[in-house]
Amino acid sequence: MSAAARGESAGNGGREKAGPDPKLTRAAIVDTAIGLADEAGVEALSMRRIADRMGVGAMSLYRHVPNKDALLAEMTDEVARRNPYPVPEPDWTWRDRVRVAADIDWRLYQQHPWVLFTFAVPRYNFGPHSLVCLAWLVEGFAELTDDPREATRMSLAVWSYIAGIALQQVSAAMLAKREGEHEDTSAFDALLEGTPRWPTPAGLAPLAGTGRGDLLDPVQLLRTGLTALCDGFAANR
C-alpha cells in the first residue's frame, strides 16, 4: 500500500469510506411510502418516518427523491401502475370498459384510500400510468363519439363518480378510527329506521321507517349511478 493510501486509510480510522446503500433506491422509497400511507394516511407521511422505517438517515432519501411533493406524485402513479386496466376482449363494448374500470378503481381505493386525495390534486395526478388508463377509457367511448374531447369528458365523469362514492365509504372508515369523532349511524339512517332526529321533510316521508336495506350500500350506489350515467351518455348520441 502506498503512503498516500495508508494515510487515507488512517484518516478513516482504518476503514474504507462507506458508499451509498445499494438497497436505498427510488423504487424502495416509493414502496415504503405507499405502505406507510396505507397504514396512517398521507397526512402522517414524512421523510423522517420513511427513513426510520427503512433504517436510513432522512437526508439520504433526498439523493433519490427531491421533496415530499415529488414523492406523492410518484406514489400516486406507482399505485396506478400496479392496477392497470386490462387488454380489452374483442367483444367488449364501451359499457364493459366502464364496468371493468369501476371494479379496478373500487378495489384500488379500498386498498389505498389516500389515493382518493392525491388523485384530486393536479400536481399529483395524471402521471404516465394514469394517462394510459384515461386513454383506455377514451378509446372505449370512441364508439359513442368521434370527438376526443367529448370522449374524455365522459371518461372523467365516470372517474369522478367512482371516486365520489368511494370517498363516502373511505371517509366513514377514517372517521371510525378516531374515537369520539363519529356517530355509528347518520341522521338519514335514523329516519329510515323510524327514529328521526329532526322533523322529516315531506319528500322523504315515504321512506320513514322503511329500513335501511341496500339503499345506502356503496356498491349498489356505484352500480346504479354508473348505469344511469351510461344510459345518459347513450341517450345523447
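Read-outs throughout are calculated quantities, based only on the coordinates presented, and are distinct from any laboratory measurement. What you are looking at is a predicted structure, and each value in this text was computed from that prediction instead of being measured. Counting neighbours? That spans all protein chains shown, and the Cβs are built from the backbone with ideal geometry, glycine included.
Dipole of region 85-236 (Lys/Arg Cβ +1, Asp/Glu Cβ -1, origin at the Cα centre): which of Gly194, Val138, Thr118 lies farthest to the positive side? The residue sitting most towards the positive pole is Thr118. Compared with the rule-of-thumb size 2.2 N^0.38 Å for a compact globular protein, the chain has a Cα radius of gyration ratio of 1.42.
Extending 7 Å from Cα along the Cβ direction at Asp231 and again at Ala40 yields two label points whose distance is 4.7 nm.
Could you give the size of the charge dipole of region 118-169 about its Cα centre, using +1 on the Cβ of each K and R and -1 on the Cβ of each D and E, expressed in debye and rounded to the nearest 20? Present the calculation step by step, with values, prior to reporting the outcome.
Details: 3 positive and 5 negative charges, 69 e Å.
My answer is approximately 340 debye.
Here region 22-66 is assigned +1 on the Cβ of each Lys and Arg and -1 on the Cβ of each Asp and Glu. Its dipole about the Cα centre then comes out at about 280 debye. Computed about the Cα centre, the dipole magnitude for region 85-236 is approximately 360 debye when only Lys and Arg (+1) and Asp and Glu (-1) carry charge, each at its Cβ. Computed 3J(HN,Hα) for region 60-69, one whole-Hz value per residue from the Karplus formula 6.51 cos²θ - 1.76 cosθ + 1.60 where θ = phi - 60°, is 5, 5, 6, 5, 10, 10, x, 6, 5, 4, glycine and proline marked x.
Within the shell defined by Cβ-Cβ distances under 12 Å, the residues around Met75 carry a net charge of -2, with Lys and Arg each +1 and Asp and Glu each -1.
Other residues with beta-carbon under 15 Å from the beta-carbon of Glu139 carry, at +1 per Lys or Arg and -1 per Asp or Glu, a net charge of -2. Ellipticity at 222 nm from helices only: DSSP H runs of n ≥ 4 in the chain, each -39500 (n - 2.57), divided by the residue count, give -18500 deg cm²/dmol. What list of ³J(HN,Hα) couplings, whole Hz, do you get for region 225-232 from phi and the Karplus terms 6.51, -1.76, 1.60, once you set θ to phi - 60° and write x for glycine and proline? Once θ is set to phi - 60°, the couplings for region 225-232 become x, 5, 4, 5, 4, 5, 4, x Hz. Placing unit charges on the Cβ atoms of the charged side chains and taking the dipole of region 85-236 about its Cα centre, the candidate lying farthest along the positive direction among Ala173, Ala151, Leu222 is Ala173.
Near the amide H of Trp114, within less than 5 Å, lie no amide hydrogens of residues on another chain or at least 5 residues away, with H placed in the peptide plane. Applying a DSSP loop filter and a limit of 11 other Cβ atoms within 10 Å to the trypsin sites (Lys or Arg not before Pro) in region 73-136 leaves Arg123.
The string of couplings for region 133-147 from the Karplus curve (6.51, -1.76, 1.60, θ = phi - 60°) is 5, 5, 4, 4, 6, 4, 4, x, 6, 4, 5, 9, 8, 9, 9 Hz, one whole number per residue in order, with x for Gly and Pro.
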